[in-house]
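The values are calculated or read from the model by the stated rules, or taken from the named source; none is laboratory data. Source: prediction; values computed, not measured. Please note: Cβ atoms are built from the backbone with ideal geometry, for glycine as well, and neighbour counts cover all protein chains shown. Heads up: the accessible areas ignore ligands, DNA and RNA and are worked out on the full protein's heavy atoms, side chains in. Shrake-Rupley method; radii C 1.70, N 1.55, O 1.52, S 1.80 Å.
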Amino acid sequence: MDIRRLNTVWVILMLATGATWEVGEQGFAGQLAMALLLVLSFVKGRLVVLDFMGLRRAGLMWRSLLIGWLLLVSALIAIAYRIAPA
């Protein structure tokens, strides 16, 4: 794995983590904040799976399985948020 790519991914992960923290610190709420947090979480998970777990060059089955799992968890969280009483 290219060290430059890993460093770039690490910086992106740190920026996304900082953005997530800031959303919480500012007390943002509602569907837009939830959607932002879910997107950030999915992007972070995808970067971890593909780059830090080294699956970018793995077979399509493994990439699909783990990215599909991320999508499933994200979708279930979004559905739970949507149907929860206000």
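Some observations on this one:
- Of all residues assigned to region 29-40, none qualifies as being assigned to a helix (DSSP H, G or I), among the β-branched types (Val, Ile, Thr), under 12 Å from the mean Cα position of the chain (by Cα) and surrounded by 13 or more Cβ atoms within 10 Å (Cβ to Cβ).
- Pick from region 52-72, criterion part of a helix (DSSP H, G or I) and touching a Leu at 6+ places or on another chain (Cβ under 6 Å), ranking: most open to solvent (accessible area, probe 1.4 Å): 62
- Selection count, region 73-86, where residues are surrounded by fewer than 12 Cβ atoms within 10 Å (Cβ to Cβ) and touching a Phe, Trp or Tyr at 6+ places or on another chain (Cβ under 9 Å): 0
Per-residue answers, yes or no, for (1) among the small types (Gly, Ala, Ser); (2) at pLDDT below 90:
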residue: 10; (1), (2): no, no
residue: 50; (1), (2): no, no
residue: 54; (1), (2): yes, yes
residue: 72; (1), (2): no, no
residue: 76; (1), (2): no, no
residue: 80; (1), (2): yes, no
residue: 83; (1), (2): no, no
